[in-house]
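We did not get these values from a lab; they are worked out from the coordinates using the rules stated. Worth saying up front: this structure is predicted, and the values here are computed from it rather than measured. Don't worry about glycine lacking a Cβ; one is built from the backbone with ideal geometry, like all the others, and counts go over all protein chains shown.
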Amino acid sequence: MKKGTICFLSLKTEQNEGPLQIRPVVIISAEKNKKKVYVAPITSNEMMATEPTHIEINHKCLSRKSFILMDNTQEVDSSRIIEELEPLTTEELLCLDHILINQ
């Protein structure tokens, strides 16, 4: 797993035994040999695009224009990553890094 990769994350945890639910996320920090990764959720809700910490993205692996919610990052177990889809563009990665540096 590499920083800037769009993935599907399982929302199912040991505490949440309901049906499998997934959501798209982008990896913002992944260290080799670590069981945890930091991710930021991705939403297609344009109402969420009002903050300067939200990055607009357009990728074929997502059904529509979407937004990375950089103000809602979280650490998750890397085993919850179901599928790696595609990397962010260079421009999107620069935006991501700019927000991380200035948070």
Residues satisfying the stated conditions in segment 29-44, i.e. small (Gly, Ala, Ser) and surrounded by fewer than 17 Cβ atoms within 10 Å (Cβ to Cβ): Ser29, Ser44
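Table: residues versus (1) touching a Phe, Trp or Tyr at 6+ places or on another chain (Cβ under 7 Å); (2) surrounded by fewer than 16 Cβ atoms within 10 Å (Cβ to Cβ); (3) among the hydrophobic types (A, V, I, L, M, F, W, C).
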position: Lys3; (1), (2), (3): no, no, no
position: Ser10; (1), (2), (3): no, no, no
position: Ile27; (1), (2), (3): no, no, yes
position: Glu46; (1), (2), (3): no, yes, no
position: Arg64; (1), (2), (3): no, yes, no
position: Leu88; (1), (2), (3): no, no, yes
